[in-house]
There are 2 protein chains.
Amino acid sequence: MTMKLYIAGPEVFLPNAREMLTRKAELARQYGFEPLCPGDLEIPKTDSLRQMGLAISEIDEHMMNQSQAVIANLTPFRGIAADPGTVFELGYMCGQGKLVAVYTNVAANHYERVLAYYNGEVSIDDHGHKRGPDGLSLEDFGMIENLMLDGGVERRGGHVAIHAAEPEALYTDLTGFIACLEALAAKVKVMEAARDHGRKVDTLDASNDD
Amino acid sequence: MTMKLYIAGPEVFLPNAREMLTRKAELARQYGFEPLCPGDLEIPKTDSLRQMGLAISEIDEHMMNQSQAVIANLTPFRGIAADPGTVFELGYMCGQGKLVAVYTNVAANHYERVLAYYNGEVSIDDHGHKRGPDGLSLEDFGMIENLMLDGGVERRGGHVAIHAAEPEALYTDLTGFIACLEALAAKVKVMEAARDHGRKVDTLDASNDD
């Protein structure tokens, strides 16, 4: 059966959102997945903007519940961190034990971005923690995002693709997305091989019982 | 049995992180919950900073898996959006169908914050969508965050507490946290009453079989 893949990322906010999601969906199909994207289903008519927001949330969660895997675009969005909607969706899929892969189109890691946010004004406190001028501590784990994101992905054997896209292609460069598709497809192959091996072993065991 | 409550928020980055988590834990106990906080368990010695990050991720996920509820502090952090680690954790708990409540110490909603980020330079495109000068569309659903966050909480019957804290108490004001505790405690009471009612009905049914 084809594995359903949820496609999470801030491209839903782009002027060419539909085109980008179509491109991602086509690539996902080329790698053997059945893509599910936000915006694929029609939003029912609602009485208020708030009700519309809730309706979209329901549809997207339903698509995640149906999917066995997610690729999340964690490219920084309106600031130094990933789009919160995408982060929520990555957490949601990790919480359900799904297959996960993430990519970013910015090469600077989380620590480097926070350092730039503080204009380099970072000092070391009495306990050896790095702190900004506002007193908030900095994570310096060599990760692309907060440790819960990288940790959630890496500890599940998920791929983290880092690619320095050109500034004008920050949300449209799909190099990292393709790297995630390749990693996920390879993982699925290994899982299927293990399953088939398990079946063969079962068959042998059964024949031994004769 | 006491309900385990995971406490998610950016206070882990404060200079007085331990003190803040202790205050939150004490409040949670006063409302009948057993609090689980990041930082409660000792991090095992690791060979590298990266391994330490992964170890913390593992401990925090384990605490979430054990918890039946979460209160997440979505106060904007280093920019216009909530801390990504906290957002991941909210998504994680929603994905597992746990009880959720969130609060923010900033009264301006998501749309108002993005509008300020763009210095008010927002225009309407041909399809009626609001867009910033970078072409990215704005969500205007009257929500405190991206619709996946508010939607995930509201659609589960969770509480969204909004409180305008003083700037110097942005990460230490616990008014919203207490509002979430009250809402969660009331919800638990209703659930327990429904469960007890269910038991009575069961008992009656069983006696009818005699």
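The values are calculated or read from the model by the stated rules, or taken from the named source; none is laboratory data. Predicted model, so just to flag it, every value in this text is computed and none were measured. Virtual Cβ from ideal backbone geometry, glycine too; neighbours counted across all protein chains shown. Keep in mind that these areas ignore ligands, DNA and RNA; they rest on the heavy atoms of the full protein, side chains included. Shrake-Rupley method; radii C 1.70, N 1.55, O 1.52, S 1.80 Å.
Does A:Gly151 fit the bill of being touching a His at 6+ places or on another chain (Cβ under 7 Å), assigned to a helix (DSSP H, G or I), in the same structural domain as A:Gln68 (by TED's automatic domain parsing) and not charged (D, E, K, R)? Can you show your working first?
Numbers: touching a His at 6+ places or on another chain (Cβ under 7 Å): no; assigned to a helix (DSSP H, G or I): yes; in the same structural domain as A:Gln68 (by TED's automatic domain parsing): yes; not charged (D, E, K, R): yes.
No; evaluated as a whole, the condition is false for this residue.
Does B:Val106 satisfy the condition of being touching a residue at least 40 places away in the same chain (Cβ under 8 Å) and within 13 Å of chain A (Cβ to nearest Cβ)? No.
Residues that are surrounded by 15 or more Cβ atoms within 10 Å (Cβ to Cβ) and charged (D, E, K, R) within the range A:169-199 comprise A:Asp173, A:Lys187, listed in sequence order. Any residue that is open to solvent by less than 40 Å² (accessible area, probe 1.4 Å), more than 8 Å from chain B (Cβ to nearest Cβ) and over 20 Å from B:Asp60 (Cα atoms) - is there at least one of those in the range A:136-150? Scanning the range A:136-150, I find no residue that is open to solvent by less than 40 Å² (accessible area, probe 1.4 Å), more than 8 Å from chain B (Cβ to nearest Cβ) and over 20 Å from B:Asp60 (Cα atoms), so the answer is no. Screening A:His163 against (1) open to solvent by 70 Å² or more (accessible area, probe 1.4 Å); (2) in contact with a helix residue (DSSP H, G or I) (Cβ under 6 Å, 6 or more places away or on another chain) leaves a single unmet condition, (1).
Pairing residues of the range B:1-30 that are more than 10 Å from chain A (Cβ to nearest Cβ) with residues that are part of a helix (DSSP H, G or I) and open to solvent by 60 Å² or more (accessible area, probe 1.4 Å), at Cβ distances under 7 Å and at least 6 apart in sequence or on separate chains, gives B:Lys4/B:Gln66. For the residues B:Val106, B:Val153, B:Val102, the requirement of being of a type in the set (Val, Ile, Thr), touching a Ser or Thr at 6+ places or on another chain (Cβ under 8 Å) and within 25 Å of B:Leu21 (Cα to Cα) singles out B:Val106. Scanning the range A:66-78 for any residue that is under 24 Å from B:Ile59 (Cα atoms) and small (Gly, Ala, Ser) turns up at least one such residue.
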